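Beneath this line is the structure, given in structure tokens, with notes to follow.
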Amino acid sequence: MIFRRYESLILLSASLVSEQVEAFKSKVDSILTAGGGQVIRIEEWGRKRLAYPVRKDIYGYYILYDYRARPELADELERNLSIDEQVTKYLTLVLDKNFTESALEAVKEALANEASRHDKEQAQPSDAQQTDADSDSDAADDDRDDSFADDDDEYSSAMEPLNAPDDQSSQDQSSEEQSSEEQSSEEQSSDDRSSDEPN
């Protein structure tokens, strides 16, 4: 017999209460175990907002099943999901086409190790997390000190425009002097031309 590894994501109606969700889960478990399948893991993602309305619902309840079964059993599960009124949508993927017993044990062991590591992280904050919290407070103090330095820079840069008009006015005066000299030279040249003309 060829066993495969499947993953089925099931979207239930969000209006279901917890007792109905548990009854649905036990129904799926019984279908899988009766057909010779083995459940690897079940993840309840819970109630989530949908990207678009499905059957006029904008929320749905997600459950992910990871299991080992024969292809006929996966078809039977999908048939049951398609006729169940509580199921809004479902999607089944084949993760491994030849999923042996040794591969099943390796996956279960990896999942158990991951769960125990996650539990340890949740149980006690690590020294690295404490160090991160301390460094965050130090960084906040440094940011406050930098903001005072930035204020000084802003003050000095704000004062520069007050000095700039004096420089600008001196440039304006020199340009005015140059233009007045040009005008006087033009007037003089025009006077010279007029004096050269005969009356």
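Volume per residue for segment 69-117 equals 103 cubic angstrom (convex hull of Cα atoms). With a Förster radius of 25 Å applied to the beta-carbon distance between Val17 and His118, the computed FRET efficiency rounds to 0.30.
If the chain linking Gln86 and Val54 were pulled fully straight, counting 0.36 nm for each residue of separation and taking away their Cα-Cα distance, it would gain 10.2 nm. For the modelled label position 7 Å from the Cα of Arg70 along Cα-to-Cβ, which residues of segment 16-41 have backbone nitrogen atoms closer than 15 Å? It comes to 32-38, nothing else. Spin-label model, Asp29/Glu78: points 7 Å from Cα along the beta carbon direction are separated by 2.5 nm. With contacts taken as Cα pairs under 8 Å and at least 6 residues apart, segment 1-75 reaches a relative contact order of 48 percent. Length gained on full extension, Leu93 to Ala106: 2.7 nm, using 0.36 nm per residue less the C-alpha separation.
For segment 4-123, the C-alpha radius of gyration sits at 1.14 times the compact-globule guess of 2.2 N^0.38 Å, with N the residue count.
Taken together, the values in this text are just the output of simple stated rules run on the coordinates, not laboratory data. None of the values given here were measured: they were computed from a predicted structure. Neighbour counts run over all protein chains shown; Cβ positions are idealised from the backbone, glycine included.
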